[in-house]
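Heads up: the structure comes next, in structure tokens.
The values are calculated or read from the model by the stated rules, or taken from the named source; none is laboratory data. Keep in mind the model is a prediction, meaning the values are calculated, not measured. All Cβ positions, even for glycine, are placed from backbone atoms using ideal geometry, and neighbour counts span all protein chains on display. Side chains included, ligands, DNA and RNA excluded: accessible areas come from the protein's heavy atoms. Shrake-Rupley method; radii C 1.70, N 1.55, O 1.52, S 1.80 Å.
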Amino acid sequence: MLEWYRVGEGYETLMADTVAFLRLAAGETGVTLLRFRDRTCDPFDEPQRLSVAEAFSTHAGVDLMASINADGTTDAARLGAELDRIGLRRAADDTWSDMLSRVLSEKVEPNLGQGRITILDHYPAAEAALARKVQGDARVAERFEVYACGVELANGFGELTDPAEQRRRFGAEMDEKARVY
């Protein structure tokens, strides 16, 4: 697992750095294909880039953005209805985040990084506490993960540097934890 940041650079640069690092590591060891179980991934091929919403639509048939309000808050009932529709189990006390994780781990991640590296980006803002929101869309944040053969290899984000926004997010996160527990 790799978590990589650069001061003064955008998260697009971090994505490129991560792919370059994987290629360097593969090249230095003479690896031409990454392998895990019955899957392979060519680290030298052009990476696939998908938003989390695109990946949910493609691999799970779920309209994730329908469960995220314009201000970035989430609607657990709407996402729960999507899980019911596609036949994924859920508990009565599952949070929106619990359900997002279930779809991601059971339906999306196993399909990522097949044949070539996949960069999964534009995570829901609710799942990116320390990341900047994407300019023009408060529902998603500058967070990404890199996958090969269905396995997450790297995680990164455009770092949130606004202390007032960080305080607000931490407070909201603590309120949610208090509500759930």
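Each Lys or Arg adds one and each Asp or Glu takes one away; over the other residues whose Cβ falls under 9 Å from the Cβ of SER97, this sums to -4.
For the chain, what is the percent of antiparallel DSSP beta bridges, rounded to the nearest 5?
That works out to approximately 70 percent antiparallel.
Solvent-accessible area of LYS177, all protein chains in place: 100 Å² (probe radius 1.4 Å, heavy atoms, ligands and nucleic acids excluded).
Averaged per residue, what accessible area in Å² does the chain show with a 1.4 Å probe, protein chains only?
Here the residues of the chain average 55 Å² of exposed surface.
Counting only protein heavy atoms and a probe of 1.4 Å, the accessible surface of the chain is 50% carbon and sulfur. Spin-label model, LEU24 to THR58: label points 7 Å out along the Cα-to-beta-carbon direction sit 2.7 nm apart.
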